[in-house]
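Below: one structure, written as structure tokens.
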């Protein structure tokens, strides 16, 4: 049975190197590798400092880390405490082994344990395999919302207006 081979566990400082490698692998898949600015040092500081900004799970398949799910908390004015799934990624060779399902179940358990009112995330509109995966889980994908963001250079410019 697959679950005996797949082990999901909380990430530790020792996993930051493999976490960054998976982040870069995901960025390559999304054709945006040149946009990754994060470092192991920053991940250690941000995830394991005095005020951790994120948590993550790793998926091991036969003892090898093959996936991750990185999350943090956010607050919805309408719903209250929510868990935001920043990224869920499984190395391509292991996508047919339910690794993504087990990672998502760990995220769902964390949301339950922390009394979150919802789990939210984004998915690229061209990523059909991910969209199918999320729909299979019963997710509602809302086409009405447009994502907004200001880069560091953009918000610094704003401050000079």
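Observations, loosely collected:
- Residues of region 59-75 satisfying the condition of being surrounded by fewer than 19 Cβ atoms within 10 Å (Cβ to Cβ) and within 10 Å of the chain's Cα centre (by Cα): 72
- Qualifying residue in region 4-13 (condition: crowded, with 16+ Cβ neighbours inside 10 Å, touching a strand residue (DSSP E or B) at 6+ places or on another chain (Cβ under 9 Å) and part of a helix (DSSP H, G or I)): no
- Boolean, residue 66 is touching a helix residue (DSSP H, G or I) at 6+ places or on another chain (Cβ under 9 Å) and at pLDDT 95 or above: yes
- Number of the condition not met by residue 49 [criteria: (1) touching a helix residue (DSSP H, G or I) at 6+ places or on another chain (Cβ under 7 Å); (2) modelled with pLDDT under 95]: (1)
- Filtered residue count, region 98-119, keeping only those that are touching a strand residue (DSSP E or B) at 6+ places or on another chain (Cβ under 6 Å) and either at pLDDT below 95 or part of a loop (DSSP other than H, G, I, E, B) (or both): 3
- Which numbered condition residue 94 misses (of (1) closer than 17 Å to residue 11 by Cα; (2) surrounded by 13 or more Cβ atoms within 10 Å (Cβ to Cβ); (3) over 13 Å from the mean Cα position of the chain (by Cα)): (1)
- Scanning region 18-40 for residues that are touching a helix residue (DSSP H, G or I) at 6+ places or on another chain (Cβ under 8 Å), loosely packed, with under 13 Cβ neighbours inside 10 Å and either touching a residue at least 12 places away in the same chain (Cβ under 8 Å) or not in a helix (DSSP H, G or I) (or both) gives a single hit, 39.
- Inter-residue pairs, beta-carbon under 7 Å, first on the phi < 0 side of the Ramachandran plot and loosely packed, with under 10 Cβ neighbours inside 10 Å and in region 136-148, second assigned to a loop (DSSP other than H, G, I, E, B) and at pLDDT 90 or above, 6+ apart: 147/122
The values are calculated or read from the model by the stated rules, or taken from the named source; none is laboratory data. Note that the coordinates shown come from a computational prediction; the quantities given were computed from them, not determined experimentally. A quick note on method: Cβ atoms are made from the backbone with ideal geometry, for glycine too, and the neighbour counts reach across all protein chains shown.
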